[in-house]
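The values are calculated or read from the model by the stated rules, or taken from the named source; none is laboratory data. Worth saying up front: this structure is predicted, and the values here are computed from it rather than measured. Please note: Cβ atoms are built from the backbone with ideal geometry, for glycine as well, and neighbour counts cover all protein chains shown.
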Amino acid sequence: MRLNLRVHYNLASIPIIDSFVQSSAEYFGATKDEIFKLALVAEEASVHIITNNPSDDPESPFDIYCEKEDDILRMIFSNTGLPVDVDGIPDYDSKSPESNIDGLEFFLIEKFADNYKFVNLGSGGWQTVIEKKLEFAKEINSNKTNDTPASTVGSIRDEDLSFSVANSEETYQIAKLAYYTYRYSYAKRTFYYPELLSEKLARQQIISFVVKNPNAEVIAHSALLRSENSKKIAEIGAVMVQPEYRRTLAILQLIKDVNEYLKSDSNPGIDLVESNLVTAHIGSQRLCKSLNFTPTALKVSVHERAEFINIKDISSERESLLYSVLIFKKPERFAIHCPFEHHELVSELLDSADFEYDLHSSSNNHIEMDKSKFLVHEIEETGFANVTFVQIGKDFYSELKKTMYRLSLKGFMTVSLGISLDVPLPTNMDSELMALNFFFSGVIPVTLSKWQCLYTHLNNHQIDFDKIKVYQKLAKKLKEYVNNCYKKVIPL
């Protein structure tokens, strides 16, 4: 028996293809794990076919067939796009995933399928044929049912779920969970690469926590990601949960378990936890408020919004992140030099977070250093760049202007500017930065005793602050404050 789907050369067809392949695979008796792998393979093959089709005709179709022969499920992608350069398919190195991303799709097809090949049909185009052996292939012409157990999600109680620190053997399940939660839209790419995640778990650069159901499946996840600047600071995030478990208390209990872990003797020296909370919805903010996180910055327009599976009414506007902190071991008193224009707000933020500090508004009229020291971190796939000045010299504004010009030519949509606050700042720095269309966005720690102020520059796009959703009272005040700063540089 053969099942057939005809779709257009359009990436918007991917969800339709995904649904067709999953339904077909289930129909032929595939297990849940086999369905996941087949859907992943089908998506990679489809994206390759669609993106390599030169036709300008939006109605031009291609076909996908699913058929079963004995215990082999076969998918056939028939298209009339560009000829396939079989010998030119790029190799993929799983130990260096970022260096050869173009080969990832073929690596995944080879990893999750039992066989695949390209068939040249001449004037009839090309076929991509992918095969996978099914463990419990179903006899379609009989009344025999699938041998795999039916889902018991509806009967699962929260006390049936188990919570633990993840190990390397669970990284593949975490990668699957990332797919179930976000498809391929999640910004933290490490969680799509089991081998890379396993290495970071071993080095405790990432500490993952998982929730399992009675079948030992990972159905929820969160992680602590250690800062590159200080091992005593870690970001809590990578929150994932299978859609069917969102109505349980799995995530709430998981985050509370992470909180208890940090309070216990198991804590590996993490004194401050930071969070970058999405503002497309307030679920994660409500959770962090219950744990007493305090917002200190609003990172505006950081990346495109993730595809939150089964969460509707999400704005298509670029995602802004509410940056918040929680102290587990109080640091020593520290000095912070704040632009006097923002003295009152910064005091309220730091007081609410329970820091002990000396806040100075003094400015430096005589900068002695000739050369500034700064770092530029470019994330091309999200159109975001982070410029951090660790030392301000006499060339501060000229170097910043040159850097902004270069980033603008490269098409970066958002530039975040971080300036160290452990020494007096240049006189009139805030107004000078506003003249360059930078607006104040808050303060963030680099280490426990060193902070930086955050400014944001938006290139050729605007942000509607009414679409930025925040929950707690202080976050609302911070959002309104940043919005007012934004209006001063971008009149609406």
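Taken over the stretch 371-391, residues that are without any contact (Cβ under 8 Å) to a residue 60 or more places away in the chain, surrounded by 15 or more Cβ atoms within 10 Å (Cβ to Cβ) and touching a Gly at 6+ places or on another chain (Cβ under 8 Å) amount to 4. Is there any pair with a first residue in the stretch 178-200 that is acidic (Asp, Glu) and a second that is surrounded by 19 or more Cβ atoms within 10 Å (Cβ to Cβ) whose Cβ atoms are under 8 Å apart and which are 6 or more apart or on different chains, and what are they? Short answer, once both residue conditions are applied: 195/171. Does any residue of the stretch 409-417 turn out to be in contact with a strand residue (DSSP E or B) (Cβ under 9 Å, 6 or more places away or on another chain) and within 26 Å of residue 347 (Cβ to Cβ)? Yes.
Conditions tested, residue by residue: (1) farther than 29 Å from residue 412 by Cα; (2) assigned to a helix (DSSP H, G or I).
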residue	(1), (2)
214	yes, no
244	yes, yes
251	yes, yes
255	yes, yes
259	yes, yes
268	yes, no
280	no, no
297	no, no
305	no, no
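Within the set 431, 408, 398, the sole residue that is over 18 Å from residue 339 (Cα atoms), of a type in the set (Ser, Thr, Tyr) and more than 29 Å from the chain's Cα centre (by Cα) turns out to be 398.
Among the residues of the stretch 228-242, those identified as assigned to a loop (DSSP other than H, G, I, E, B) and under 16 Å from residue 262 (Cβ atoms) are 230, 231, 232.
Does residue 231 meet the test of being among the charged types (D, E, K, R) and farther than 21 Å from residue 446 by Cα?
No: the conditions fail for residue 231.
If the condition is being more than 27 Å from residue 349 (Cβ to Cβ) and touching an Asp or Glu at 6+ places or on another chain (Cβ under 8 Å), then the stretch 359-374 contributes 370, 371. Scanning the stretch 250-296 for residues that are within 21 Å of the chain's Cα centre (by Cα), over 11 Å from residue 325 (Cα atoms) and charged (D, E, K, R) turns up just one, 286. Of all the residues in the stretch 438-464, those that are within 20 Å of residue 305 (Cα to Cα) and either surrounded by fewer than 16 Cβ atoms within 10 Å (Cβ to Cβ) or at pLDDT 95 or above (or both) number 8.
Residue-level analysis places residue 291 outside the set of residues that are among the hydrophobic types (A, V, I, L, M, F, W, C) and modelled with pLDDT of 90 or more.
Restricting 315, 352 to those that are closer than 30 Å to residue 462 by Cβ, at pLDDT 90 or above and surrounded by 13 or more Cβ atoms within 10 Å (Cβ to Cβ) reduces the list to 352.
Here's the yes/no breakdown for (1) over 21 Å from residue 80 (Cα atoms); (2) surrounded by fewer than 20 Cβ atoms within 10 Å (Cβ to Cβ); (3) assigned by TED's automatic domain parsing to the domain that holds residue 177; (4) acidic (Asp, Glu):
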residue	(1), (2), (3), (4)
17	no, no, no, no
23	yes, yes, no, no
26	yes, yes, no, yes
31	yes, yes, no, no
34	yes, no, no, yes
40	yes, no, no, no
47	no, yes, no, no
52	no, yes, no, no
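Annotation: of all residues in the stretch 119-168 being outside any loop (DSSP other than H, G, I, E, B) and at pLDDT below 50, the one that is farthest from residue 23 (Cα to Cα) is 155.
Summed over the stretch 318-359, residues that are among the charged types (D, E, K, R) and under 22 Å from residue 429 (Cα atoms) total 4.
Residues that are in contact (Cβ under 8 Å) with a residue 40 or more places away in the chain and touching a helix residue (DSSP H, G or I) at 6+ places or on another chain (Cβ under 8 Å) within the stretch 459-468 comprise 459, 463, 468, listed in sequence order.
Just to be sure before I move on: is residue 441 part of a strand (DSSP E or B), of a type in the set (S, T, N, Q) and out of contact with any Pro (no Cβ under 8 Å at 6 or more places or on another chain) in the structure I sent? For residue 441, the condition - part of a strand (DSSP E or B), of a type in the set (S, T, N, Q) and out of contact with any Pro (no Cβ under 8 Å at 6 or more places or on another chain) - is met.
Within the stretch 392-410, does at least one residue satisfy the condition of being surrounded by fewer than 21 Cβ atoms within 10 Å (Cβ to Cβ), hydroxyl-bearing (Ser, Thr, Tyr) and assigned to a strand (DSSP E or B)? Checked against the condition, which is being surrounded by fewer than 21 Cβ atoms within 10 Å (Cβ to Cβ), hydroxyl-bearing (Ser, Thr, Tyr) and assigned to a strand (DSSP E or B), the stretch 392-410 yields no hits at all. Right, residue 282: without any contact (Cβ under 8 Å) to a residue 60 or more places away in the chain, touching a Phe, Trp or Tyr at 6+ places or on another chain (Cβ under 8 Å) and surrounded by fewer than 20 Cβ atoms within 10 Å (Cβ to Cβ) or not? No: the conditions fail for residue 282.
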